[in-house]
């Protein structure tokens, strides 16, 4: 079979106009070059090879030396195996602190696309280049082999053609996300900031069908990019948004659910999978969801320790279990999770990142209450989640058999190389948390967290905030370290639009899922060694931090500075990461597939 490794150079047009093809990880700038962090990828080959049930990505760059219109089209030639092309215009964000442009937001466009340079809405003076991101979807039934395509540019009275080839591998990407990529957010008020119509009241917006569809659209975009969307529905003081919890009535023994309407309107399509019916990945219920339970709901913490608190908690949570079971919502993990800290002065203990030993008593009591509320053998999947950092090593012992879902500080977990195996052997789910790398880092930075989870042998990781692009992401961008999607309203789209970083992350996770096919055929440590060497010339042991003396002192005596001083993971592993790091891993995975090993 012919290889799909294609090296394509710029195709010159009349008067210097040009069409260029770039690999996914070489991000262009609006003046015909590459952004500074990715410049090591200049003149890199474009590798178009992928498995069924997945995506292949590349970029096309239109270059005009002087202002003028152009028309771009991308087509596959028959037989195309049912492969579909999606095209996105790359938005160039101005980052004031660096005085540079970076592409990230991806605006869907229809083929063929007609526009002009400079792009009127991006408002870049002297812009000479416009980039387009192309996603090629390979159906599960596509035949293996080489498919040919062509990009065509019409500009300055001439047409230029840029041919390309892609190779479809004879395997399908497994459906399961390995690792789980979780994208976190808080509440839903931010949706009004982006999508409320002029003159529309908050009440009208938050009760509209459009509001609930926006929530579902955010779940869909992350699901289609092989991830999970998590939306916490209560604040640090315990106040719960009305769409996140059923309405309650009564008190004490009469405490019960009065109305499921808003809750079911919100969660029903997510928990039965119908919200994803028209996606390429197909209908499937969400895998994880926060429960609205917190110290103030369904019982007021004012009565903590009193029989009435236990009665109200057990009554309502038991009713939730019965409702979920009756609806058939048995494929989702429902998380009992506490997000408050003592310093917020709402509750006298830390639920999130606990430090003090006495706080563990509250976790133990909530475990007892949850056991009382949920009958043994229930098909509804309740989890007790703990986001831990300072005291994780202590809590691994004191909360064993109580907490069964751990979301852990990456820096501190790196001290405890024994922990993942120990926790997994007792049946617990293990993630770590982080934040998305900003656009100002090298493009491959977004792959370091999926790979870390895989190297550590844990289930996933969580980006703590992914829907907050800032007050003006378009012309005064802060970098996107709290955003992997953008509001589409500016472009007339009533839904979120993806980012380049989200696409790169998705493609990485596809490759890891494919790599897992070989875990039973070759020793896992051998796979890790090969991946680490290709990614950044490291060894598996380098991905851990030597246990510091600090770990043997009381966590409530530590400071953040103390932790930073003994954790050099990022500096050792990722400081010199190059743009093509993940491509080297992908090439090796594809060679394993082709060799059948």
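Please treat every number below as a calculation from the coordinates, not as lab data. Treat the numbers as computed from the prediction; the structure is a model and nothing was measured. Ideal geometry is used to build each Cβ from the backbone, glycine not excepted, and the neighbour counts take in all protein chains shown.
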Ranked output for segments 478-487, 329-338 by mean other Cβ atoms within 10 Å, highest leading, reads 478-487, 329-338
Using alpha carbons only, how many degrees (0 to 90, rounded to 10) separate the axis of helix 261-271 from the longest principal axis of the chain? 50
In whole Å, what is the distance between the alpha-carbon centres of segment 194-223 and segment 265-339? 21
Mind giving me the FRET efficiency for residue 556 and residue 378? R0 is 35 Å, r the Cβ-Cβ distance, nearest 0.05 is fine. 0.45
Cα centroid separation, segment 348-419 to segment 558-591 (Å): 28
By its C-alpha gyration tensor, with a ≥ b ≥ c as the square roots of the eigenvalues, how is segment 488-597 shaped: rounded for a/c under 1.5, else prolate for a/b larger than b/c, else oblate? oblate
What whole-number distance in Å separates the alpha-carbon centres of segment 13-52 and segment 106-142? 13
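With a Förster radius of 41 Å, plug the Cβ-Cβ distance of residue 361 and residue 519 into 1/(1 + (r/R0)^6) and report the FRET value to the nearest 0.05.
On the way: r = 40 Å, r/R0 = 0.98.
Using R0 = 41 Å, I get an efficiency of 0.55.
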I'd like the antiparallel share, as a percent to the nearest 5, of DSSP beta bridges with both residues in the chain. 70
Compute the distance in nm between two label points, each set 7 Å from the Cα along the Cα-to-Cβ direction, one at residue 394 and one at residue 546. 2.6
Stokes-Einstein diffusion coefficient for segment 539-597 at 10 °C in a medium of 1.306 mPa s, Rh from the Kirkwood formula over Cα pairs: what value in µm²/s? 108
By how many degrees, between 0 and 90 and to the nearest 10, does the Cα long axis of helix 307-327 differ from the longest principal axis of the chain? 40
For the peptides 496-507, 416-427, what is the packing order when you average, over each peptide's residues, the other Cβ atoms within 10 Å and list the highest mean first? 496-507, 416-427
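Of 512, 248, how do they rank once you tally other Cβ atoms within 10 Å and put the fewest first?
The fewest-first ordering by Cβ neighbours comes to 248, 512.
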Can you tell me what the convex hull of the Cα atoms of segment 5-172 projects to on average, as an area in nm²? 9.6
Show that you can apply the helix-only estimate: for the chain, add -39,500 (n - 2.57) for every DSSP H stretch of four or more residues, divide by all residues, and state [θ] at 222 nm to the nearest 500. -8000 deg cm²/dmol
Between the helical axis of 524-536 and the dominant principal axis of the chain, each derived from Cα atoms, what acute angle in degrees is found, rounded to the nearest 10? 50
